[in-house]
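Data first, discussion second: the structure below is written as C-alpha coordinates.
The values are calculated or read from the model by the stated rules, or taken from the named source; none is laboratory data. Keep in mind that what you see is a predicted model, and the values were worked out from it rather than measured. Please note: Cβ atoms are built from the backbone with ideal geometry, for glycine as well, and neighbour counts cover all protein chains shown. Please note that ligands, DNA and RNA were not included when accessible areas were found on the heavy atoms of the full protein model with its side chains. Shrake-Rupley method; radii C 1.70, N 1.55, O 1.52, S 1.80 Å.
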Amino acid sequence: MPQLSLPLLIDSHCHLDFHAFNKDRIDIINKTRQAGITRILNPGIDLVSSYAAVRLSEAYPEIYAAVGVHPNDALGYKDNAIDELRVLAKNPKVVAVGEIGLDYYRDRSPINLQQHILLEQLQLASDLNLPVVIHSRNANADIIQILADWYTQLVKNGSILVAHPGVLHSFSGDEKIAQQALERNFFIGITGPITFLNSHNLQKLVANLPLESLLVETDAPFLTPYPHRGQRNEPVYVKLVVEKIAALHNKPFPIVAETIRQNAVRLFNW
Ligand SMILES: [Zn+2]
(Lines give C-alpha, C1' and ligand atoms only; values in the text may rest on other atoms or scores of the structure.)
Protein backbone atom coordinates (compact mmCIF):
# COMPACT_ATOMS: atom_id res chain seq x y z
CA MET A 1 0.00 0.00 0.00
CA PRO A 2 1.22 3.54 -0.70
CA GLN A 3 2.12 5.64 2.31
CA LEU A 4 -0.51 8.19 3.23
CA SER A 5 1.81 11.08 2.51
CA LEU A 6 2.43 9.94 -1.04
CA PRO A 7 0.52 12.01 -3.61
CA LEU A 8 -1.83 9.84 -5.65
CA LEU A 9 -0.89 9.54 -9.30
CA ILE A 10 -2.58 8.35 -12.47
CA ASP A 11 -1.32 7.16 -15.82
CA SER A 12 -3.97 8.07 -18.35
CA HIS A 13 -2.39 6.17 -21.24
CA CYS A 14 -0.36 2.98 -20.97
CA HIS A 15 -0.23 -0.23 -23.02
CA LEU A 16 0.19 -2.88 -20.35
CA ASP A 17 -1.32 -5.48 -22.69
CA PHE A 18 1.66 -5.23 -25.10
CA HIS A 19 4.14 -8.12 -25.15
CA ALA A 20 6.83 -5.81 -23.83
CA PHE A 21 5.20 -6.60 -20.46
CA ASN A 22 4.55 -10.33 -20.93
CA LYS A 23 7.41 -11.40 -18.69
CA ASP A 24 6.80 -9.13 -15.71
CA ARG A 25 3.35 -7.60 -16.01
CA ILE A 26 2.39 -8.45 -12.43
CA ASP A 27 5.65 -7.03 -11.05
CA ILE A 28 5.07 -3.84 -13.02
CA ILE A 29 1.55 -3.52 -11.64
CA ASN A 30 2.78 -4.15 -8.09
CA LYS A 31 5.38 -1.43 -8.56
CA THR A 32 2.69 1.03 -9.67
CA ARG A 33 0.72 0.27 -6.50
CA GLN A 34 3.74 0.99 -4.33
CA ALA A 35 4.29 4.25 -6.21
CA GLY A 36 0.78 5.47 -5.39
CA ILE A 37 -0.62 5.11 -8.92
CA THR A 38 -4.31 4.58 -8.33
CA ARG A 39 -5.67 4.64 -11.88
CA ILE A 40 -4.28 3.46 -15.22
CA LEU A 41 -6.02 3.72 -18.57
CA ASN A 42 -5.06 0.97 -21.00
CA PRO A 43 -6.28 1.87 -24.50
CA GLY A 44 -6.60 -0.68 -27.29
CA ILE A 45 -4.99 -0.22 -30.68
CA ASP A 46 -6.97 -2.88 -32.54
CA LEU A 47 -9.68 -5.41 -31.71
CA VAL A 48 -7.27 -7.94 -30.20
CA SER A 49 -5.66 -5.40 -27.90
CA SER A 50 -9.04 -3.89 -27.05
CA TYR A 51 -10.16 -7.31 -25.80
CA ALA A 52 -6.85 -7.63 -23.91
CA ALA A 53 -7.31 -4.18 -22.37
CA VAL A 54 -10.78 -5.15 -21.12
CA ARG A 55 -9.45 -8.42 -19.70
CA LEU A 56 -6.70 -6.55 -17.82
CA SER A 57 -9.23 -4.08 -16.48
CA GLU A 58 -11.34 -6.94 -15.19
CA ALA A 59 -8.32 -8.49 -13.45
CA TYR A 60 -6.95 -5.35 -11.75
CA PRO A 61 -9.17 -2.82 -9.97
CA GLU A 62 -6.98 0.19 -10.82
CA ILE A 63 -6.80 -0.59 -14.54
CA TYR A 64 -9.50 0.80 -16.82
CA ALA A 65 -9.83 0.23 -20.55
CA ALA A 66 -10.47 2.18 -23.70
CA VAL A 67 -11.45 0.28 -26.82
CA GLY A 68 -10.72 1.33 -30.37
CA VAL A 69 -8.71 0.84 -33.54
CA HIS A 70 -5.61 2.98 -34.03
CA PRO A 71 -5.07 4.61 -37.46
CA ASN A 72 -1.95 2.50 -38.03
CA ASP A 73 -4.13 -0.59 -37.76
CA ALA A 74 -6.89 0.70 -40.03
CA LEU A 75 -6.24 -2.00 -42.64
CA GLY A 76 -7.23 -4.65 -40.10
CA TYR A 77 -10.54 -2.93 -39.39
CA LYS A 78 -13.23 -5.25 -40.72
CA ASP A 79 -16.81 -4.26 -41.55
CA ASN A 80 -18.16 -5.62 -38.28
CA ALA A 81 -15.38 -4.11 -36.14
CA ILE A 82 -17.62 -1.32 -34.97
CA ASP A 83 -20.24 -3.83 -33.73
CA GLU A 84 -17.61 -5.71 -31.73
CA LEU A 85 -16.30 -2.46 -30.28
CA ARG A 86 -19.85 -1.47 -29.36
CA VAL A 87 -20.35 -4.68 -27.39
CA LEU A 88 -16.92 -4.39 -25.72
CA ALA A 89 -17.48 -0.74 -24.83
CA LYS A 90 -20.48 -1.68 -22.70
CA ASN A 91 -18.19 -3.34 -20.17
CA PRO A 92 -18.33 -1.20 -17.00
CA LYS A 93 -14.51 -0.90 -16.91
CA VAL A 94 -14.46 0.71 -20.37
CA VAL A 95 -14.31 4.48 -19.86
CA ALA A 96 -13.34 5.76 -23.32
CA VAL A 97 -13.12 5.01 -27.03
CA GLY A 98 -9.50 4.92 -28.15
CA GLU A 99 -6.96 5.13 -29.14
CA ILE A 100 -8.28 6.47 -32.40
CA GLY A 101 -7.09 9.21 -34.71
CA LEU A 102 -4.89 9.95 -37.68
CA ASP A 103 -1.25 9.11 -38.35
CA TYR A 104 0.23 10.62 -41.51
CA TYR A 105 3.75 9.99 -40.29
CA ARG A 106 3.91 6.22 -40.36
CA ASP A 107 1.51 6.10 -43.28
CA ARG A 108 0.67 2.43 -42.70
CA SER A 109 -2.87 2.78 -44.00
CA PRO A 110 -4.55 5.03 -46.59
CA ILE A 111 -5.65 8.41 -45.29
CA ASN A 112 -9.25 8.03 -46.46
CA LEU A 113 -9.51 4.72 -44.60
CA GLN A 114 -8.01 6.28 -41.45
CA GLN A 115 -10.57 9.07 -41.63
CA HIS A 116 -13.42 6.66 -42.26
CA ILE A 117 -12.70 4.52 -39.21
CA LEU A 118 -12.08 7.60 -37.08
CA LEU A 119 -15.50 9.01 -37.98
CA GLU A 120 -17.20 5.69 -37.30
CA GLN A 121 -15.56 5.42 -33.86
CA LEU A 122 -16.34 9.04 -33.00
CA GLN A 123 -19.97 8.22 -33.73
CA LEU A 124 -19.71 5.19 -31.43
CA ALA A 125 -18.31 7.42 -28.69
CA SER A 126 -21.19 9.86 -28.96
CA ASP A 127 -23.74 7.03 -29.10
CA LEU A 128 -22.36 5.60 -25.85
CA ASN A 129 -21.48 8.93 -24.16
CA LEU A 130 -17.85 7.87 -23.87
CA PRO A 131 -14.98 10.37 -24.24
CA VAL A 132 -12.31 9.75 -26.88
CA VAL A 133 -8.55 9.19 -26.64
CA ILE A 134 -7.06 10.80 -29.74
CA HIS A 135 -3.78 9.91 -31.44
CA SER A 136 -2.50 12.47 -33.94
CA ARG A 137 0.84 12.38 -35.70
CA ASN A 138 1.62 14.84 -38.51
CA ALA A 139 -2.14 15.23 -38.86
CA ASN A 140 -3.04 18.03 -36.46
CA ALA A 141 -4.90 20.22 -38.96
CA ASP A 142 -7.17 17.36 -40.09
CA ILE A 143 -7.66 16.09 -36.54
CA ILE A 144 -8.75 19.48 -35.26
CA GLN A 145 -11.13 19.93 -38.19
CA ILE A 146 -12.73 16.51 -37.63
CA LEU A 147 -12.96 16.98 -33.86
CA ALA A 148 -14.42 20.47 -34.29
CA ASP A 149 -17.18 19.09 -36.54
CA TRP A 150 -17.81 16.24 -34.10
CA TYR A 151 -17.93 18.69 -31.21
CA THR A 152 -20.44 20.88 -33.06
CA GLN A 153 -22.66 17.80 -33.39
CA LEU A 154 -22.29 17.06 -29.67
CA VAL A 155 -23.41 20.58 -28.86
CA LYS A 156 -26.37 20.32 -31.25
CA ASN A 157 -27.45 17.03 -29.68
CA GLY A 158 -27.05 18.32 -26.14
CA SER A 159 -24.55 15.53 -25.42
CA ILE A 160 -23.04 15.30 -21.95
CA LEU A 161 -19.68 14.89 -23.70
CA VAL A 162 -19.65 18.63 -24.43
CA ALA A 163 -18.18 19.21 -20.96
CA HIS A 164 -15.31 16.72 -21.44
CA PRO A 165 -15.18 15.18 -24.92
CA GLY A 166 -11.75 13.59 -24.71
CA VAL A 167 -7.99 13.95 -24.62
CA LEU A 168 -5.39 14.71 -27.26
CA HIS A 169 -3.01 11.98 -26.22
CA SER A 170 0.77 12.66 -26.24
CA PHE A 171 0.20 16.17 -27.47
CA SER A 172 2.63 17.32 -30.13
CA GLY A 173 0.85 20.32 -31.62
CA ASP A 174 1.49 24.02 -31.37
CA GLU A 175 -0.21 26.74 -29.38
CA LYS A 176 -2.94 27.27 -31.95
CA ILE A 177 -3.91 23.59 -31.98
CA ALA A 178 -3.86 23.53 -28.16
CA GLN A 179 -6.11 26.59 -28.07
CA GLN A 180 -8.58 25.05 -30.51
CA ALA A 181 -8.66 21.91 -28.38
CA LEU A 182 -9.13 23.82 -25.12
CA GLU A 183 -11.99 25.85 -26.62
CA ARG A 184 -13.77 22.55 -27.08
CA ASN A 185 -12.97 21.31 -23.58
CA PHE A 186 -10.47 18.67 -24.66
CA PHE A 187 -7.75 17.68 -22.24
CA ILE A 188 -4.12 17.78 -23.36
CA GLY A 189 -2.17 14.59 -22.60
CA ILE A 190 1.48 15.11 -21.65
CA THR A 191 4.03 12.30 -22.06
CA GLY A 192 7.75 11.65 -21.51
CA PRO A 193 9.07 14.01 -24.22
CA ILE A 194 8.22 16.96 -21.93
CA THR A 195 11.24 15.83 -19.86
CA PHE A 196 13.67 15.70 -22.79
CA LEU A 197 16.50 18.19 -22.54
CA ASN A 198 15.82 19.55 -26.04
CA SER A 199 12.04 19.90 -25.92
CA HIS A 200 11.97 23.64 -25.24
CA ASN A 201 8.97 24.37 -27.46
CA LEU A 202 6.77 21.78 -25.79
CA GLN A 203 7.92 22.89 -22.34
CA LYS A 204 7.14 26.51 -23.12
CA LEU A 205 3.72 25.53 -24.44
CA VAL A 206 2.85 23.39 -21.41
CA ALA A 207 4.02 26.10 -19.01
CA ASN A 208 1.27 28.30 -20.45
CA LEU A 209 -1.55 25.73 -20.48
CA PRO A 210 -3.95 25.68 -17.53
CA LEU A 211 -3.26 22.80 -15.13
CA GLU A 212 -6.99 22.07 -15.17
CA SER A 213 -6.65 20.98 -18.82
CA LEU A 214 -3.73 18.60 -18.47
CA LEU A 215 -3.48 14.84 -18.14
CA VAL A 216 -0.30 12.83 -17.65
CA GLU A 217 0.54 9.66 -19.49
CA THR A 218 3.46 7.36 -20.06
CA ASP A 219 2.33 5.67 -23.30
CA ALA A 220 4.46 2.82 -21.93
CA PRO A 221 6.29 0.85 -23.26
CA PHE A 222 7.14 3.85 -25.47
CA LEU A 223 8.28 7.46 -24.87
CA THR A 224 10.43 6.80 -21.81
CA PRO A 225 11.14 10.05 -19.93
CA TYR A 226 14.56 11.47 -19.13
CA PRO A 227 16.78 10.13 -17.51
CA HIS A 228 15.63 6.63 -18.46
CA ARG A 229 15.61 7.11 -22.24
CA GLY A 230 16.58 3.95 -24.05
CA GLN A 231 14.88 1.71 -21.48
CA ARG A 232 11.37 0.34 -21.63
CA ASN A 233 8.87 2.85 -20.27
CA GLU A 234 6.54 1.86 -17.41
CA PRO A 235 3.75 3.57 -15.46
CA VAL A 236 5.89 4.52 -12.42
CA TYR A 237 7.77 6.97 -14.65
CA VAL A 238 4.63 9.07 -14.90
CA LYS A 239 5.96 10.77 -11.77
CA LEU A 240 8.76 12.31 -13.85
CA VAL A 241 6.18 13.87 -16.15
CA VAL A 242 4.24 15.31 -13.21
CA GLU A 243 7.47 16.64 -11.68
CA LYS A 244 8.37 18.38 -14.92
CA ILE A 245 4.93 19.99 -15.18
CA ALA A 246 5.17 21.10 -11.54
CA ALA A 247 8.55 22.70 -12.27
CA LEU A 248 7.25 24.41 -15.42
CA HIS A 249 4.26 25.79 -13.50
CA ASN A 250 6.34 26.59 -10.44
CA LYS A 251 3.84 24.79 -8.19
CA PRO A 252 4.35 22.09 -5.53
CA PHE A 253 4.38 18.53 -6.85
CA PRO A 254 1.51 17.28 -4.62
CA ILE A 255 -0.82 20.05 -5.79
CA VAL A 256 -0.08 19.43 -9.44
CA ALA A 257 -0.44 15.65 -9.00
CA GLU A 258 -3.80 16.08 -7.28
CA THR A 259 -5.12 18.58 -9.84
CA ILE A 260 -4.25 16.21 -12.67
CA ARG A 261 -5.73 13.22 -10.83
CA GLN A 262 -8.98 15.14 -10.49
CA ASN A 263 -8.89 16.11 -14.18
CA ALA A 264 -8.81 12.42 -15.03
CA VAL A 265 -11.75 11.78 -12.69
CA ARG A 266 -13.74 14.43 -14.56
CA LEU A 267 -12.90 12.93 -17.94
CA PHE A 268 -13.17 9.21 -17.23
CA ASN A 269 -15.55 9.20 -14.30
CA TRP A 270 -13.45 6.52 -12.61
ZN1 LIG B 1 -0.71 4.77 -27.15
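Structure above, values below:
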item	result
Length released on extending from His164 to Leu119, taking residue separation times 0.36 nm less the Cα-Cα span	14.4 nm
Percent accessible area from carbon and sulfur atoms, region 129-270, protein chains only, probe 1.4 Å	50
Rounded accessible area of Glu58 (nearest 10 Å², 1.4 Å probe)	120
Surface accessible to a 1.4 Å probe, per residue, for the residues of region 128-231, Å²	44
Amide N of region 17-52 lying under 19 Å from the label point, which is placed 7 angstrom from the Cα of Arg108 along Cα→Cβ	17-22, 42-52
5 Å binning of all Cα-Cα separations within the chain, expressed as whole percents from 0 upward	1, 6, 14, 18, 21, 18, 13, 7, 2, 0, 0
Within the chain: Cβ-based charge dipole about Cα centre, in debye rounded to nearest 20 (Lys, Arg +1; Asp, Glu -1)	600
Entries of Lys31/Lys244; Lys93/Lys239; Lys156/Lys176; Lys156/Lys239; Lys31/Lys93; Lys23/Lys239 with Cα pairs more than 29 Å apart	Lys156/Lys239
Accessible surface of region 8-113, 1.4 Å probe, proportion on carbon and sulfur as whole %	53
Computed magnitude of the charge dipole of region 145-228 (debye, nearest 20; Cβ of K, R +1, Cβ of D, E -1)	100
Rounded to the nearest 20 debye, dipole of region 91-208 from Cβ charges on Lys, Arg, Asp, Glu	200
Positive-end residue of Gly230, Asn72, Ala35, charge dipole of the chain with Cβ unit charges	Ala35
Within the chain, longest stretch clear of exposed trypsin sites (Lys or Arg not before Pro) (DSSP loop, no more than 16 other Cβ within 10 Å)	109-228
Most positive-pole-ward Cα, Ile177, Tyr151, Phe187, against dipole of region 137-270 from beta carbon charges	Phe187
